[in-house]
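Worksheet for the structure shown next.
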Amino acid sequence: MLTDTRGPARTLSPPAPVRPYARALGGPRRATEAVLLCLLALVVRLPSFHRPFWSPDEGYLATQAAMLRNGGHLYEDVVDRKPPLMPWLYEVCFAIAGDGGLAAVRVAAVAALGVTAVLTARTAGHLLGAWAALPAGVLTVAASLALPAPDAMAATFEIFMLPATAAAVHFGVKGRFLPAGLAVAVAALTKQVGFAPLLPLLLLALSGPRRHRDTLALTLGAAAPVGICALALGAHRFTFWVFLSSGPYTTSPPGAQVVAGRAGSGLACLLTAFAAVVLLLPLLPWRRRVHRGRAVRRGLGGTGPATVSSRRTDRMLAGWMLASAAAVSVGWHFYGHYFLQLVPPAVLLALRVVDMSGRTASGGPAVLRRLVGRAGRAGTAWCVAACSLLAAAFWTAGAWQARPPQLEKSLAVAAAVREHSAPGQPVLVWGMHPETYWLAGRPPSSRYLTAGLLTNFSGGADVRRVGRAYAVPGTWSVFRRELAHTPPCVLVDDSAGTPYPLADYPELRTLLADGYQRVAEIDGARVYRRDSC
């Protein structure tokens, strides 16, 4: 016991121990943060409930789920070049709420964004301190909107991949590499590029004191669920459709001008969420870091525990960002929703910039240095989050007015299909809008729900690599058998003005000549009905 001899005797309490973020906050505060972030996710995604669908990917997944509910088998008579978790998720949502709408899927997307925000907040708190936690979650929610409304609001692969990628890094920075690997597997079974966090996590495991044990746990966690799914669904079919069927697609990038335009547009949109962080970049100790690096190489210092830990954090965050950027670049298509994968690492890097500028600001405008000095790291982080929220308010307001491309056309074509067919009668849509099947409530006559699998067409891709020769291997022989066994009662030709006109494919020309009559034409889409139906 220590006493103060200069006055009345009193007990001096020892200094409070420094507690890690998870213990310092306590359960109630963490629960409050989680509730706030989930409510914020609900508010910003409310416009997603305003439209029947936002993208053809939603229509594809909805049609797959309906086929699975009617006895279809994945990668056999329900196929896509994607892993199985998303069709299963849609199937579960349809089993709960019916397949007449996507309300349950939209709720699941809100939950996915909320969980991503919570996990990113916990990771920021662990790496940077309690001051960074809630701002990181708010930034995550706000930045998820920094895309065109159809990309930001669609309940498809990227939004459901985010919680697992955020969980993988969260467990990894806490040294729990087995659950980190399992989270990577969940992300990869949602979309193949979910493997991206594996690279920084491997570097993190290899740089730790238990490198062999942690690397083995991470590898086992990432590989085991994928292997189990492969065995359950058929190893050959699973491997082909998930890993081997995308060759022509990934090797048929659009032209350089289209690639540059899409990449620049996506990055510019995402940058609006972090515009306030850009202002802090001049405050970073660029020259000091150069001098420190030279000192370390000369053995003059800069190798203390804090420095080593800081460098390890920086390397991990930079590795995650680079791996995610590489995943976004696969195939060079750069669709807007691909950029969602960059949100969690970008948020953590942004708060790392706030951390460094708040502690070591020595350059840049004097006014900015004084403002940051007075606000402190927490105040600066909240200023950055507030700017992102302000931008998010505009994005959300715009999403209420936005309409998915060809929404009216898809609804009109689906109405025509319903009018000229009976429930249960098969339909074939030769085009790139599989939502027609789901909106019409009619089963497809083929497992290939878009012409893309049979022609390698995708929006903006190299039109010189579109045609039968670039189809997914083996699809045309199966397609011919399906047409002969289950000829569609209604055929929709939506190929006008595309590189894959129906007239170029003898199988479809012969089919149309066998008793089909045109019954409608809607904005270039021709609807044919089979006389015998």
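The values are calculated or read from the model by the stated rules, or taken from the named source; none is laboratory data. Keep in mind that this is a model prediction, so the values were computed, not measured. Glycine gets a Cβ as well: all are built from the backbone with ideal geometry, and neighbour counts include every protein chain shown.
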Quiz item: Has segment 141-149 got any residue that is among the hydroxyl-bearing types (S, T, Y), surrounded by 24 or more Cβ atoms within 10 Å (Cβ to Cβ) and assigned to a loop (DSSP other than H, G, I, E, B)?
Solution: yes
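Conditions tested, residue by residue: (1) farther than 18 Å from D77 by Cβ; (2) part of a helix (DSSP H, G or I); (3) touching a residue at least 12 places away in the same chain (Cβ under 8 Å); (4) in the same structural domain as G452 (by TED's automatic domain parsing).
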residue: H236; (1), (2), (3), (4): no, yes, no, no
residue: V242; (1), (2), (3), (4): no, yes, yes, no
residue: S252; (1), (2), (3), (4): yes, no, yes, no
residue: R262; (1), (2), (3), (4): yes, yes, yes, no
Just one listed residue, out of G71, G114, G125, is more than 18 Å from the chain's Cα centre (by Cα) and surrounded by 22 or more Cβ atoms within 10 Å (Cβ to Cβ), and it is G125
Note on segment 80-104: residues outside any loop (DSSP other than H, G, I, E, B) and in contact (Cβ under 8 Å) with a residue 12 or more places away in the chain are L85, M86, P87, W88, L89, Y90, E91, C93, F94, A95, A103
Result of the Cβ filter at 6 Å on segment 135-151, keeping first residues that are in contact (Cβ under 8 Å) with a residue 40 or more places away in the chain and partners that are in a loop (DSSP other than H, G, I, E, B) and of a type outside the set (K, R), at least 6 apart or interchain, is A142/A273; A143/A273; A146/A273; A149/A402; P150/W54; P150/S55; P150/P404
Practice problem: Return yes or no: is L127 modelled with pLDDT under 95, part of a helix (DSSP H, G or I), touching a Ser or Thr at 6+ places or on another chain (Cβ under 7 Å) and more than 27 Å from L61 (Cβ to Cβ)? | Solution: yes
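Each row is one residue, and each column tells you yes or no for (1) of a type outside the set (V, I, T); (2) assigned to a helix (DSSP H, G or I); (3) surrounded by 17 or more Cβ atoms within 10 Å (Cβ to Cβ).
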| site | (1), (2), (3) |
| --- | --- |
| R464 | yes, yes, no |
| A469 | yes, yes, no |
| V472 | no, no, yes |
| F479 | yes, yes, yes |
| A484 | yes, yes, no |
| A496 | yes, no, no |
Expected single match for touching a Gly at 6+ places or on another chain (Cβ under 9 Å) and among the basic types (K, R) among R468, R403, R447 is R447
The correct count of residues that are surrounded by fewer than 20 Cβ atoms within 10 Å (Cβ to Cβ) and among the aliphatic types (A, V, I, L, M) in segment 509-533 is 5
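Residue by residue, here is whether (1) under 23 Å from the mean Cα position of the chain (by Cα); (2) crowded, with 21+ Cβ neighbours inside 10 Å; (3) in a helix (DSSP H, G or I); (4) not polar (S, T, N, Q) holds:
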site: P405; (1), (2), (3), (4): yes, no, no, yes
site: K409; (1), (2), (3), (4): no, no, yes, yes
site: A415; (1), (2), (3), (4): no, no, yes, yes
site: Q425; (1), (2), (3), (4): no, no, no, no
site: V429; (1), (2), (3), (4): no, yes, no, yes
site: H433; (1), (2), (3), (4): yes, yes, no, yes
site: T436; (1), (2), (3), (4): no, yes, yes, no
site: L449; (1), (2), (3), (4): yes, yes, no, yes
site: G459; (1), (2), (3), (4): yes, no, no, yes
